[in-house]
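**Q** Could you have a look at this structure, given as structure tokens, before my questions?
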Amino acid sequence: MNMDVPTFESNRLSQRISIQGVDPLSLCGHNDANLIALESRFGVKVTARGDTIRLDGESEVVKTVSNLLEEMISCLRRGD
């Protein structure tokens with residue numbers, strides 16, 4: 001669930017996603033392993049603080065990772 005209007009800087013994008021109602025360990029993995037894997041695979045910066053995940057990077061990559069995280073969050077909320 002997007003929490004704010006994306007911030008653009010040339011072709012850079014910063015986006016926040018709410019993870020409220022989701023177990024952070026299930027989403028992020030032990031020692032943030034899942035977030036680190038997303039950073040490594042897609043070249044986007046992923047920061048988790050409280051019930052928010054922030055994505056920073058090239059706009060198309062941030063959109064892709066945002067969609068992926070939204071799907072992961074949806075699956076966790078459904079219990080899949």
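The values are calculated or read from the model by the stated rules, or taken from the named source; none is laboratory data. Quantities reported herein were computed from a predicted structural model and do not represent experimental measurements. Note that we place each Cβ from the backbone using ideal geometry, even for glycine, and neighbour counts take in every protein chain shown. Accessible surface is based on the protein model in full, side chains and every heavy atom, while ligands, DNA and RNA are left aside. Shrake-Rupley method; radii C 1.70, N 1.55, O 1.52, S 1.80 Å.
**Q** Could you check the stretch 47-80 and list, in sequence order, the residues that are in contact with a strand residue (DSSP E or B) (Cβ under 8 Å, 6 or more places away or on another chain), of a type in the set (Ser, Thr, Tyr) and over 19 Å from residue 31 (Cα atoms)?
**A** Once the filter is applied, which keeps residues that are in contact with a strand residue (DSSP E or B) (Cβ under 8 Å, 6 or more places away or on another chain), of a type in the set (Ser, Thr, Tyr) and over 19 Å from residue 31 (Cα atoms), the stretch 47-80 yields 59, 66.
**Q** Out of all the residues in the stretch 30-60, which are assigned to a helix (DSSP H, G or I) and closer than 15 Å to residue 70 by Cα?
**A** In the first step, residues of the stretch 30-60 are kept if they are assigned to a helix (DSSP H, G or I); the result is 30-42, 59-60.
Correct list: 34, 35, 38.
**Q** In the stretch 15-59, what residues are farther than 13 Å from residue 73 by Cβ, open to solvent by 50 Å² or more (accessible area, probe 1.4 Å) and acidic (Asp, Glu)?
**A** 32, 39, 58
**Q** Give the stretch 62-76 a look and list any residue that's open to solvent by 40 Å² or more (accessible area, probe 1.4 Å) and more than 18 Å from residue 21 (Cβ to Cβ), or say none.
**A** 63, 64, 67, 68
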